[in-house]
Amino acid sequence: MVNSLAEAAAIVDRIGSPAVQTMFDVHNAVDEKMPHSDLIRKYFRYIRHIHVNELDGREPGTGDYDFAALLETLAALNYSGWVSLEAFDFSRDARVIAAHAMARLQSALPAAAIAKTI
């Protein structure tokens, strides 16, 4: 089991293939000691995909995670990969969840200055 971005990066280094990289997942990074923006900066060369959700696993907008800071960091690093919504609570209609999450992420975009990338 991989428990941190540092462990994931170490595995990528050990494998030594450009075909093997890692991802950053907001929910799975809940126990990281470093602020998420700092983690992304530190391990950016390993990251090829981003999952966004609240720290409790629900969709963006149901908690108080700072998505603007996350998106600002990605923009500053010229990240051009996928950012995907990951949600675990489907007690509401999936379309409602998706619309709510997109509205929350789009509201964070002006601060991140990357409105055209989502």
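Bear in mind these aren't lab numbers, they're just calculated from the coordinates by the rules spelled out. None of the values given here were measured: they were computed from a predicted structure. Cβ: placed from backbone, ideal geometry, glycine included. Neighbour counts: every protein chain shown.
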In debye to the nearest 20, how big a dipole does the range 5-117 give about its Cα centre with +1 on each Lys and Arg Cβ and -1 on each Asp and Glu Cβ? 460
Return a whole-number percent for the relative contact order of the range 5-117, with Cα pairs under 8 Å and 6 or more residues apart as the contact set. 25
Which cross-chain or sequence-distant (5 or more) residues have an amide H under 5 Å from the amide H of Met23, H modelled 1.01 Å from N in plane? Arg48
Among trypsin sites (Lys or Arg not before Pro) in the range 3-83, those in a DSSP loop whose Cβ has at most 10 other Cβ atoms within 10 Å are Lys33
On alpha-carbon atoms, Rg over Rh for the chain using Kirkwood Rh? 0.97
What do you get for chymotrypsin sites (Phe, Trp or Tyr not before Pro) in the range 1-98 restricted to DSSP loop and a cutoff of at most 10 other Cβ within 10 Å of the site's Cβ? Phe90
Asp93 versus Ala10: modelled label distance in nm, points set 7 Å from Cα along the beta carbon direction: 4.7
